[in-house]
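The values are calculated or read from the model by the stated rules, or taken from the named source; none is laboratory data. Every value quoted in this text rests on a predicted model; they were computed, and no experiment measured them. Cβ coordinates were reconstructed from backbone atoms using ideal geometry, including for glycine residues, and neighbour counts include every protein chain displayed.
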Amino acid sequence: MPGGEWAAADADSHQDRARVITTVSTPDKAELSREAGASDVILYTKQDFVAEVKRLTGGKGVDVVYDSVGKTTFEGSLDCLRRAGCWHCLARPADRCRPLT
């Protein structure tokens, strides 16, 4: 995710040797993400980010998702999680997702 929150999470994660996969909407944001140290960058406007995350993780999914987009990526973000993974929504209140039940 391209926001400042993701860049901070990216830097912190690398100190623990985590693999960081980011999704971005533009090539410029992809470059910023790579410069911040992302292990893998997915251009979600051109690629199926769920399929790509599954491919990159051997079908397991990721431990945590930081979703700074919200409504339009909500379902896909949940689909990227491994079983018992953690999803953090950083989106604006106007972009709220459906309630989880």
### Task
Give the residues of segment 1-44 that are at pLDDT 85 or above and among the polar types (S, T, N, Q), sorted by residue number.
T22, T23, S25, T26, S33, S39
### Query
So how many residues does segment 31-53 have that are polar (S, T, N, Q) and either in contact with a helix residue (DSSP H, G or I) (Cβ under 6 Å, 6 or more places away or on another chain) or within 19 Å of A18 (Cα to Cα) (or both)?
2
### Task
Name, by its number, the condition in (1) crowded, with 17+ Cβ neighbours inside 10 Å; (2) modelled with pLDDT of 90 or more that does not hold for Q47.
(1)
### Query
Does V62 satisfy the criteria of being in contact (Cβ under 8 Å) with a residue 40 or more places away in the chain, closer than 15 Å to A18 by Cβ and out of contact with any Asp or Glu (no Cβ under 8 Å at 6 or more places or on another chain)?
yes
